[in-house]
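Data block below; observations after.
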């Protein structure tokens, strides 16, 4: 593990990049990080946000597509944290000037109805979920020219920048649902099957990662299961995500 002082220094660097909307070089340019180091930086980064009054509202999963895993040379998902400062109301406006190079992804969101007991080996995380919804996630890597390593992404809180949740529905099977991401100048179509074969698989993968990385999962929190299509640049105007059977959610870039 890298020294605690180094963890704090790297977290402060990423925090400053986000707050000042200024990109930064890959951490790998100056430091050799193990995955454990990267999650330690992420935790320290979250602590800085909480110190400013932000409240954790959930978790997000990354690298949930086989293609992305192969691209990054990994075999497991990554987990980041969501806060109330990242939440955008369905149909709400979002200032693009807040971000360095924002992109948007269509997702499926789950809502936890009770705390997940990470110490109980028989915990059924699916039974802890009471609702599902269409969602949009805004990602914004803080690294210059999109040059980053796997550990860089983890340290940067998996590029988490914003999210919007559509109408909640009772829990149901959302496997292989058609997905449409529509912006002012581009449209992408896909399927929820791109999320580890089925979004429910993302919940099981999350439970494993939460246990290993000591990430609490609490009642009322949101779980963004992962992107159902490739990311699209977030542009001025309206961007919507529609998931068959769940409806749609949208934001307006200004």
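The values are calculated or read from the model by the stated rules, or taken from the named source; none is laboratory data. This one's a predicted model, so the numbers in the text were calculated from it and none came from an experiment. Here Cβ is always computed from backbone atoms with ideal geometry, including for glycine, and neighbour counts include all displayed protein chains.
Computed values, structure above
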| read-out | value |
| --- | --- |
| Residue that is surrounded by the most Cβ atoms within 10 Å (Cβ to Cβ), among those in segment 139-161 that are in contact with a helix residue (DSSP H, G or I) (Cβ under 6 Å, 6 or more places away or on another chain) and in a helix (DSSP H, G or I) | 155 |
| Filter result (assigned to a helix (DSSP H, G or I) and surrounded by fewer than 17 Cβ atoms within 10 Å (Cβ to Cβ)) within segment 7-31 | 8, 9, 12, 16, 19, 20, 28, 29 |
| Odd one out for residue 108, checked against (1) part of a loop (DSSP other than H, G, I, E, B); (2) touching a helix residue (DSSP H, G or I) at 6+ places or on another chain (Cβ under 8 Å); (3) over 27 Å from residue 10 (Cβ atoms); (4) at pLDDT 95 or above | (1) |
| Conditions (1) over 15 Å from residue 109 (Cβ atoms); (2) in a helix (DSSP H, G or I); (3) in contact (Cβ under 8 Å) with a residue 12 or more places away in the chain; number of the one not met by residue 189 | (2) |
| Test: residue in segment 48-60 that is closer than 21 Å to residue 225 by Cα and either at pLDDT below 95 or assigned to a helix (DSSP H, G or I) (or both) | no |
| Filtered residues of segment 177-193 (kept if under 22 Å from residue 112 (Cα atoms) and in contact with a strand residue (DSSP E or B) (Cβ under 7 Å, 6 or more places away or on another chain)) | 177, 192 |
| Flag if residue 220 is out of contact with any strand residue (DSSP E or B) (no Cβ under 7 Å at 6 or more places or on another chain), over 30 Å from residue 24 (Cβ atoms) and surrounded by fewer than 23 Cβ atoms within 10 Å (Cβ to Cβ) | no |
| Residue count for segment 193-213, restricted to those that are touching a residue at least 24 places away in the same chain (Cβ under 8 Å) and part of a loop (DSSP other than H, G, I, E, B) | 3 |
| Long-range neighbours under 7 Å by Cβ, at least six apart or interchain, first residue at positive phi and modelled with pLDDT of 95 or more within segment 216-244, second surrounded by fewer than 20 Cβ atoms within 10 Å (Cβ to Cβ) and assigned to a strand (DSSP E or B) | 237/252 |
| Options 129, 174, 116; residue that is over 14 Å from the mean Cα position of the chain (by Cα), under 18 Å from residue 56 (Cα atoms) and buried (at least 22 other Cβ atoms within 10 Å of the Cβ) | 116 |
| Selection status of residue 95, more than 26 Å from residue 245 (Cα to Cα) and at pLDDT 95 or above | yes |
